[in-house]
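> Quick one: the structure is below, and I'll ask about it shortly.
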Amino acid sequence: MIEPHTVPNPGVDELVFLPLGGTGEIGMNLNLYGHAGKWLIVDLGVMFRDKSSFELDVIMADPSFISERRDDISGLVLTHAHEDHIGAVPYLWGQLRCPIYATPFTASLVARKLREAGLTNKAKITEVPMSGKFNVGPFSIELVTLTHSIPEPNAVVIRTSLGTVVHTGDWKLDPDPLVGPSVDEEALINIGKSGVLAAVCDSTNALVEGRSGSEGDLRRNLVNIIGRFEQRVAVGCFASNVARLETLAIAAELNGRYAVLVGRSLWRMYDAARENGYLTDIPKFLTPKEAGYLPRGEVLLICTGSQGEARATLPRIAAGRHPEITLEKGDATIFSSRIIPGNEESIEQLQTRLIKLGVKVVTADQEFVHVSGHPAREELRQMYEWLHPQIAIPVHGEHAHLDAHAMLARDCQVPNVLRIQNGNIVKLAPGRARIIGQVRSGRLGVERGQLTQLRPDAVPFHKKTRKVDMRIISK
Ligand SMILES: [Zn+2]
Ligand SMILES: [Zn+2]
C-alpha cells in the first residue's frame, strides 16, 4: 500500500487511471485520470443506505488522495445526474474546489444541491452542451450522447497526447428512449476508427444475457397493465427516470386517471425536467392533496420508496403513516424499478406489508413493468465492436459483475483487459497497461450532517455473508 502523498503526479509522457470509488461496488463513483502533472475527476457520487438498517444517510468514497493535491486538479466532469455520480458534490466540493462541467439537466440538479449546501457563490458549474467539446487542463474532452434511465447520459471521451480513453458512464442502447435522443452511434464508430487506447465501461448488467429492452416497449405494456385495475393504482419508480414519469402520465390519461406525484424528490425532478424542456407536453401532475378529492379509480399515484427506504413514500403509505395517501384492499402497487443490491430485505418487507393490506403487488419478476438502464451482454459486445479499444477496464459493478465483464471483453478480442479495484493506480500509457500501485480507498459517511471516516468493516455490504449470484441470467 502506498501512502497517497508519496505518489508523484503523472508526467507529460504518462497517462494513469485511478478509481477511488465504484469499482467493486455499485454506487459512489469517483474516477481519476492523471496526465501532465494534472488530474481530471469523472463523477463524484454517493451510495444510499437505509436509515432503519444502518445509521448513516449516505456513504461516499474518501477523496483524500485527490484532495491532498487539490492544486493539481484540472476539473470535475459529471457524466449524468444519478446520485451515485453527483450525490457527493455538495459534501466533497469544499475539499476539491475545482471547476465542474456538466450538461444542462445535470447542471441544474447539481446547482440545486450546491444552493442547499450554501456553495452557490463558490462552486462554478460550466454548462456544456450535449456532444460538447472542451478542454480541461491537459485533457481534451468530448461528450458522446448515450441512453440510460435519466436524461442526458454522456460518455466522456478523454484525448491526450498518449491516446484516447472512452469513459462510458452508465448507458444502454435504447432505440426508443422516449425522452432525449438515441445513442450517437456515428460518433462512437468514428471514435473507434480513429483509435481508442482504453474503454472504461459500465459492468452493472454484465451477468445479464441479451439486451436491456426499451422504454418505448415498456410504455405500451404499462398502459395495458394499469388498465386492468379498477381501484387506486400506485407505481413505485425512481424519481430520476424522466421517461418513466412521462410514460406514467400518458398511461394515466389513456386509462381515465389523473397522475399524482407523491414524494418531494419527484416534484424536484419534475421541476428540473421542465426547466430543461422535458415533460412539457403532458398533463400537469396533481399533488397528493388534490388527489384526495378524486374517486379511487381515477387516480394513478407515482411514488418514491420502491427500494423500501423507510422515509420514502411507499413504505410510509404501507405503514399507514402517510398524511394524505392510503392504500386498501382492492388497490394495486406496481414496482417499476429494479432491486438495488443490498435492498432485498427492505423491499420484501414493504411488499409483505402491502399484501397484508389486501393490495395486489406487481413486480418486474412477474410482469414486464421495468427496463434496466444498463447494458446487458449483447449491448456490451456492440460497444466493443464500435470502439475496439486496446485496453478494457470494467468499472461500476460488484466483483462478480467486473469478473463477468472482463471475461466478455476478452471474448470480444480486447488485447489487454484489466480487472482492477478501487485504489489501483493503472498506468494506461506508455508501454503495456498495468497496475503500478495501490492507494488507500476508504469511505466517508454522513452522520447528523457531519462527514466521518468509516472503518472498512463498518459497511454492511462488505460483510462476507453477502452472496452475489455468479450465474449469467438469461431473459
Ligand atoms: Zn446512472
Ligand atoms: Zn451509476
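> Could you tell me which of rounded, prolate or oblate describes the range 148-287, using a ≥ b ≥ c as the square roots of the eigenvalues of the alpha-carbon gyration tensor, with rounded for a/c under 1.5 and, failing that, prolate when a/b is larger than b/c and oblate otherwise?
Here the range 148-287 falls in the prolate category.
> Here's something else I'd like to know. Which aspartates and glutamates does LYS193 reach when only Cα atoms under 16 Å apart count, and residues fewer than 8 places away in its own chain are ignored?
Those aspartates and glutamates meeting the cut-off are GLU142, ASP184, GLU185, GLU385.
> State whether the range 232-385 is rounded, prolate or oblate according to the following rule on the C-alpha gyration tensor (a ≥ b ≥ c being the square roots of its eigenvalues): a/c under 1.5 gives rounded; otherwise a/b larger than b/c gives prolate, and the remaining case gives oblate.
oblate
> Any idea which of VAL110, GLY195, PRO394 is furthest toward the positive side of the dipole for the chain, if Lys and Arg beta-carbons carry +1 and Asp and Glu beta-carbons -1?
VAL110
> Please give me, ordered by residue number, the trypsin sites (Lys or Arg not before Pro) of the range 390-460 that lie in loop per DSSP and have at most 15 other Cβ atoms within 10 Å.
Counting only loop positions with at most 15 other Cβ atoms within 10 Å, the trypsin sites (Lys or Arg not before Pro) in the range 390-460 are ARG432, ARG440, ARG448.
> Could you tally the net charge around THR326, taking each other residue with its Cβ under 12 Å from the Cβ of THR326, Lys/Arg +1 and Asp/Glu -1?
+2
> Per the helix-only calculation at 222 nm, which mean residue ellipticity applies to the chain, given -39500 (n - 2.57) for every DSSP H run of n ≥ 4 and division by its residues, nearest 500 deg cm²/dmol?
Rounded to the nearest 500, the figure is -7500 deg cm²/dmol.
> Further question on the same structure: Assuming R0 = 51 Å, can you tell me the calculated FRET efficiency for the pair ARG228 and VAL12, based on Cβ-Cβ distance, to the nearest 0.05?
Calculated transfer efficiency: 0.20.
> Cα extents of the chain along the three principal axes, largest first, in whole Å?
69, 45, 45
> Tell me which GluC sites (Glu not before Pro) from the range 300-345 have a DSSP coil assignment and no more than 16 other beta carbons within 10 Å of their own.
When the GluC sites (Glu not before Pro) of the range 300-345 are filtered for loop state and at most 16 Cβ neighbours within 10 Å, GLU324, GLU328 remain.
> For the range 33-137, which GluC sites (Glu not before Pro) pass both filters: DSSP loop (anything but H, G, I, E, B) and at most 14 other C-beta atoms within 10 Å?
Those that pass, being in a loop and sparsely packed, are GLU55, GLU68.
> Determine the alpha carbon to alpha carbon distance for each of LYS38/LYS124; LYS38/LYS113; LYS289/LYS329 and list only those over 24 Å.
Violating the 24 Å Cα-Cα cut-off are LYS38/LYS113.
> Under a point spin-label approximation (7 Å from Cα along Cα-to-Cβ), what is the LYS284-LYS124 distance to one decimal in nm?
Inter-label distance under the simple model: 3.8 nm.
Values quoted throughout were computed directly from the atomic coordinates according to the rules given, and no laboratory measurement underlies them. Only a predicted model underlies this, so the values are computations on that prediction, with no experimental measurement involved. Backbone-built Cβ (ideal geometry, glycine too); neighbour counts: all protein chains shown.
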